[in-house]
Amino acid sequence: MHPQDERQLKLTRAMQEADLDAVLSLVGPELRWPVKQLRSNLRLIFAAAERDKVSLLHPPDDFIAWLQGPLRETVKGPNTAKPNTVVARLSTLSRLYNLLMDEGVVLRDPLRGLDRPPGERKVEKLPPREDIERLLVHARSDPALFAALTLMYRHTVQVAEMLALRWPAFGYDDGTLLRRRTLSRLDDESYAALNKLLAQAGGPLARGDTRIFPYENNDALRSRIFQVCREANLNFVNPAKLRKAGLRDFPLTPDQAGFIGDQAFELAQTLARTYELEGEEAPPSPRAPGG
């Protein structure tokens, strides 16, 4: 027997018997997903097919209706799978059937025309105010990091914007900061943090046209934040989430937050509040620098 014919015969038998292990041993690499994930996505479908005597090789006319059961089932019971789980299972099964069509094992994709549910938007909760305050307390021993975190939190300064700041942009005499889009009047905490850095740089006369912050790039800053988060026994505080938390926690004006228009500023505030409300049910973020 030709090797290709033998492979086709093994695939046919494996689909007839709903033998998931045999299927994955034959076509797992071609599906280009980790075998563990493939098995997780297909396990309940193959188990239900074996239990209900439903042919996965020659799906019956009511296959799509039958499929709704195993697609939405979890260990918690029927209809407990989240939309993203359903989408992942359908995507895996669709990949499998497309591959089986290429192999000549099946003649059609039984999922063709099936409406897939929209995936759920991943919502991550913003760090609570008490966690941010704890982080700032631990960062005070590092004036550069403390000033960076303070500007991100109290004036939503973006990382790229902050890393590009040079001393002439800081108006130490009137408490302003010339930013990429606006001139922001700093609050007392931010002004004091920058003034401390300015003193370390030699004061207004000696500062020159040098960069305010010592971080070479985004990764260097994130790594330093991660170190201090670990020292404070906190989950990693993502700079982007820190800025959104600032919109949540402070009554900023568009200029203070670095926005040139009210509409964009109001949208950012709305999104920050949405993060906070929808994130109430979200699981805690891992203790690692991500996002």
| Selected residue (only one of ARG166, ARG181 is open to solvent by 20 Å² or more (accessible area, probe 1.4 Å), farther than 15 Å from VAL237 by Cβ and touching an Asp or Glu at 6+ places or on another chain (Cβ under 7 Å)) | ARG166
| said: Out of the residues in the stretch 209-226 meeting the condition of being free of Cβ contacts under 8 Å to residues at least 40 places away in the same chain and not in a loop (DSSP other than H, G, I, E, B), tell me which one is most open to solvent (accessible area, probe 1.4 Å). | reply: ASP219
| request: Considering only residues that are of a type in the set (Val, Ile, Thr) and in a loop (DSSP other than H, G, I, E, B), look in the stretch 157-208 and name the one that is farthest from ASP219 (Cα to Cα). | output: THR182
| said: Return the pair list, or none, for Cβ contacts closer than 6 Å from residues in the stretch 59-71 that are without any contact (Cβ under 8 Å) to a residue 60 or more places away in the chain to residues that are surrounded by fewer than 16 Cβ atoms within 10 Å (Cβ to Cβ), at least 6 apart or on different chains. | reply: ILE64/LEU114
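The values are calculated or read from the model by the stated rules, or taken from the named source; none is laboratory data. Quick caveat: nothing in here was measured; it's all calculated off a predicted structure. In this analysis, Cβ positions are derived from the backbone assuming ideal geometry, glycine residues included, and neighbour counts consider all displayed protein chains. We work out accessible area using only protein heavy atoms, side chains counted, and drop any ligands, DNA or RNA first. Shrake-Rupley method; radii C 1.70, N 1.55, O 1.52, S 1.80 Å.
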